[in-house]
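Just dropping this structure here.
The values are calculated or read from the model by the stated rules, or taken from the named source; none is laboratory data. No experiment lies behind these values; they were computed from the predicted model shown. Please note: Cβ atoms are built from the backbone with ideal geometry, for glycine as well, and neighbour counts cover all protein chains shown. Keep in mind that these areas ignore ligands, DNA and RNA; they rest on the heavy atoms of the full protein, side chains included. Shrake-Rupley method; radii C 1.70, N 1.55, O 1.52, S 1.80 Å.
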Amino acid sequence: MFSTGQLIFGILFFIAFVIVIAYQYRKDLRLHKLHYKGTVWILIAFIGFIAMIAAIKFIFM
């Protein structure tokens, strides 16, 4: 399906991408804590809303 060169490139690209993303996240962590306080509650509310929709679907179907 993929040649050996394509597989090697894909694996190396993935490793480099993860390293760069992790480095940038660590670099911006202080700003994230400052500007995005309370976003965990929004995530919890969103997950709860989706769970409620799923529960309603399974109860009434």
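Going through segment 27-42 one residue at a time, which ones are surrounded by fewer than 10 Cβ atoms within 10 Å (Cβ to Cβ) and either on the phi < 0 side of the Ramachandran plot or touching a residue at least 24 places away in the same chain (Cβ under 8 Å) (or both)?
LYS27, ARG30, LEU31, LYS33, LEU34, HIS35, LYS37, VAL40, TRP41
Looking at segment 3-26, can you tell me whether even one residue there is open to solvent by 80 Å² or more (accessible area, probe 1.4 Å) and outside any helix (DSSP H, G or I)?
Scanning segment 3-26 turns up no residue that is open to solvent by 80 Å² or more (accessible area, probe 1.4 Å) and outside any helix (DSSP H, G or I).
On to the next question. With the requirement that a residue be of a type outside the set (A, V, I, L, M) and open to solvent by 100 Å² or more (accessible area, probe 1.4 Å), what does segment 43-61 give you?
PHE46, PHE49, LYS57, PHE58, PHE60 - these are the residues of segment 43-61 that are of a type outside the set (A, V, I, L, M) and open to solvent by 100 Å² or more (accessible area, probe 1.4 Å).
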